[in-house]
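Notes follow the structure.
The values are calculated or read from the model by the stated rules, or taken from the named source; none is laboratory data. Given the structure is predicted, the values throughout are model-derived calculations rather than measurements. As a convention, Cβ positions derive from the backbone with ideal geometry for all residues, glycine included, and neighbour counts pool all protein chains shown. With ligands, DNA and RNA removed, areas are computed over all heavy atoms of the protein, side chains included. Shrake-Rupley method; radii C 1.70, N 1.55, O 1.52, S 1.80 Å.
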Amino acid sequence: MTDTVRIEPLSATPETLDALSDLLIATVAAGGSVSFMHPLAPAQARAFWEGSLTAAARGERVVLGAWQGARLLSTVTLILDCPPNQPHRAEIAKMMTAPDARGRGLALTLLREAEALARAHGRTLLVLDTASEGGASGLYERAGYVFAGEIPDYALKPHGGLTGTRLYYRRL
């Protein structure tokens, strides 16, 4: 395996769908609050990514991946499909890094690439949310995102129990 990490938009190849599904399952198993409960069935993970990459093929979003050789280490989604009265904004979603690849700056690199793509699509405002417990608040705050508020008991944690969500925005 090479040390070089490449960042690229993802498309629905069988290998990419397998890699995204494996990353989602590992993230949920490690307690990542990304809309799914543990244990996450491989078919459910794959169906999610098939839908997401189909939306990407329609230009509604961009799914970025950070690869090292044939291994997907991290991903983030830039959602471009907003209501007609919000053509200036996009949303950051599904930021995930493999548990054994954290702390290498991959999430920040992907976030910066998503921001550049948002600008290229004429977006001037990004929004996101992250779990209050165990989420990526520190990453987003270091990256210049502004904390807008917190909603208590917003979602179930993957292993049970409620957690709030913290809302952030960033003007580009």
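Tell me the residue from 131, 101 that is over 13 Å from the mean Cα position of the chain (by Cα), under 27 Å from residue 50 (Cβ atoms) and either modelled with pLDDT under 95 or among the small types (Gly, Ala, Ser) (or both), please.
Values: 131 fails: over 13 Å from the mean Cα position of the chain (by Cα).
So the residue among 131, 101 that is over 13 Å from the mean Cα position of the chain (by Cα), under 27 Å from residue 50 (Cβ atoms) and either modelled with pLDDT under 95 or among the small types (Gly, Ala, Ser) (or both) is 101.
Yes/no matrix, rows are residues, columns are (1) at pLDDT 95 or above; (2) surrounded by fewer than 21 Cβ atoms within 10 Å (Cβ to Cβ); (3) within 15 Å of the chain's Cα centre (by Cα):
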residue: 3; (1), (2), (3): no, yes, no
residue: 8; (1), (2), (3): yes, yes, yes
residue: 12; (1), (2), (3): yes, yes, no
residue: 29; (1), (2), (3): yes, yes, no
residue: 76; (1), (2), (3): yes, no, yes
residue: 83; (1), (2), (3): yes, yes, no
residue: 89; (1), (2), (3): yes, yes, no
residue: 97; (1), (2), (3): yes, no, yes
Please find, among 122, 135, 149, the residue that is out of contact with any helix residue (DSSP H, G or I) (no Cβ under 6 Å at 6 or more places or on another chain), over 18 Å from residue 61 (Cα atoms) and assigned to a loop (DSSP other than H, G, I, E, B).
135
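Mind listing whichever residues of the stretch 1-30 are part of a helix (DSSP H, G or I) and either in contact with a His (Cβ under 6 Å, 6 or more places away or on another chain) or polar (S, T, N, Q) (or both)?
Taking the stretch 1-30 as the starting set, the residues that turn out to be part of a helix (DSSP H, G or I) are 14-29.
Answer for the stretch 1-30, where residues must be part of a helix (DSSP H, G or I) and either in contact with a His (Cβ under 6 Å, 6 or more places away or on another chain) or polar (S, T, N, Q) (or both): 16, 21, 27, 28, 29.
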What number of residues within the stretch 31-47 satisfy the criterion of being surrounded by fewer than 19 Cβ atoms within 10 Å (Cβ to Cβ) and part of a helix (DSSP H, G or I)?
5
For the stretch 109-119, how many residues meet the condition of being surrounded by fewer than 19 Cβ atoms within 10 Å (Cβ to Cβ) and either assigned to a strand (DSSP E or B) or of a type outside the set (S, T, N, Q) (or both)?
5
The lone exception for residue 127 - which of (1) of a type outside the set (Ser, Thr, Tyr); (2) open to solvent by less than 70 Å² (accessible area, probe 1.4 Å); (3) outside any strand (DSSP E or B) it fails
(3)
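Identify, from the list 31, 59, the residue that is over 16 Å from residue 75 (Cβ atoms) and touching a residue at least 40 places away in the same chain (Cβ under 8 Å). Before the answer, list the steps.
Details: 59 fails: touching a residue at least 40 places away in the same chain (Cβ under 8 Å).
Being over 16 Å from residue 75 (Cβ atoms) and touching a residue at least 40 places away in the same chain (Cβ under 8 Å) holds for just one of 31, 59, which is 31.
When the stretch 131-172 is examined, which residues are found to be small (Gly, Ala, Ser) and on the phi > 0 side of the Ramachandran plot?
Taking the stretch 131-172 and keeping what is small (Gly, Ala, Ser), we get 131-132, 134-138, 143-144, 148-149, 155, 160-161, 164.
134, 144, 149, 160, 161 - these are the residues of the stretch 131-172 that are small (Gly, Ala, Ser) and on the phi > 0 side of the Ramachandran plot.
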Restricting attention to the stretch 155-164, does a residue exist that is in contact with a helix residue (DSSP H, G or I) (Cβ under 7 Å, 6 or more places away or on another chain) and farther than 17 Å from residue 76 by Cα?
yes
For the stretch 51-74, how many residues meet the condition of being farther than 18 Å from residue 111 by Cα, open to solvent by 30 Å² or more (accessible area, probe 1.4 Å) and either polar (S, T, N, Q) or under 15 Å from the mean Cα position of the chain (by Cα) (or both)?
2
Return the pair list, or none, for Cβ contacts closer than 9 Å from residues in the stretch 157-172 that are open to solvent by less than 60 Å² (accessible area, probe 1.4 Å) to residues that are in a strand (DSSP E or B) and of a type in the set (Phe, Trp, Tyr), at least 6 apart or on different chains.
163/154; 164/154; 165/154; 166/147; 168/147
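Could you please find all residues in the stretch 119-139 being aliphatic (A, V, I, L, M) and farther than 24 Å from residue 88 by Cα? Outline the logic, then answer.
Looking only at the stretch 119-139, we keep the residues that are aliphatic (A, V, I, L, M), and these are 120, 125-128, 131, 136, 139.
Of everything in the stretch 119-139, those that are aliphatic (A, V, I, L, M) and farther than 24 Å from residue 88 by Cα turn out to be 131, 136.
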